[in-house]
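The values are calculated or read from the model by the stated rules, or taken from the named source; none is laboratory data. The model shown is predicted, which means the values in this text are computed figures rather than measured ones. Methodologically, a virtual Cβ is constructed for each residue, glycine included, from the backbone with ideal geometry; neighbour enumeration extends over all protein chains shown. Surface areas here come from the heavy atoms of the whole protein model, side chains and all, with no ligands, DNA or RNA. Shrake-Rupley method; radii C 1.70, N 1.55, O 1.52, S 1.80 Å.
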Amino acid sequence: MIDAELLRRIRNELPMPVTVAALGRKGPPSKWSEGHFRFQCPACGELKATVNPRNNLAHCFCCQRNLNNIDLLMTLGYEFRAAVEILTAWLNRHDAQRANLPSSRK
C-alpha cells in the first residue's frame, strides 16, 4: 500500500517543472511564458497546459483537463506504481537539492 502522505507530497511538493525537466526527451515540450510554466497537454497536444504555482496543478486551457505529477506520467504511459516510484526518487532528489540551498532561496 502506498502512503497517502507520500502521494500528497508527490502531487504538491514536487514542482511540475522539475518533473517535466526530469522526463527529458520523454516529456512534453515546455516553456516559461508570462511568468507561468506551460507544457504540451498530453491529452489534446496543445501547448496550453499551465501550472498554477499555488497548488502545483496543471490545467489545459484547450481541453480543460487538470493534471498533477502522477496524472502526467500516467498519460505518458507509465503504470501507477511505476510513476509513484519514479516520482518518489525525483522528490527525494529535489528535497536533497533544496536542503543544500541557502535558506534565503528555499
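Between rounded, prolate and oblate, where does the stretch 40-84 land on the alpha carbon gyration tensor, with a ≥ b ≥ c its root eigenvalues, rounded for a/c under 1.5, else prolate if a/b exceeds b/c? Oblate, because a/c is 1.5 or more while a/b does not exceed b/c.
Rounded to the nearest 0.05, what FRET efficiency do ASP3 and ALA43 give with R0 = 35 Å and r taken as the Cβ-Cβ distance? Could you check?
Details: r = 28 Å, r/R0 = 0.80.
For R0 = 35 Å, the calculated efficiency reads 0.80.
Per residue, the accessible area of the chain comes to 62 Å² when a 1.4 Å probe rolls over the protein heavy atoms. Contact order for the chain, expressed relative to its length and based on alpha carbon pairs under 8 Å spaced 6+ residues apart, stands at 23 percent.
Stretching ALA96 away from ASN12 to a fully extended chain increases their span by 28.6 nm, per 0.36 nm per residue minus the current alpha-carbon distance.
Which peptide among 91-97, 49-55, 67-73 comes first, and what is the full order, when sorted by highest mean count of other Cβ atoms within 10 Å? Intermediate results must be reported in sequence, preceding the final value.
Values: 91-97: 13.1, 49-55: 15.7, 67-73: 21.9.
Answer by packing, highest mean first, reads 67-73, 49-55, 91-97.
Our estimate of slack between ASN55 and LYS31, defined as 0.36 nm per intervening residue step minus the Cα-Cα distance, is 6.8 nm.
Among residues other than ALA58 whose Cβ falls under 14 Å from its Cβ, what is the net charge (Lys/Arg +1, Asp/Glu -1)? Show your work: numbers first, answer last.
On the way: positive: ARG11, LYS31, ARG38, LYS48, ARG54, ARG65; negative: GLU46, ASP71.
With Lys, Arg at +1 and Asp, Glu at -1, the neighbours total +4.
Counted by Cβ distance under 12 Å from ILE70, the other residues give a net charge of +1, where Lys and Arg count +1 and Asp and Glu count -1.
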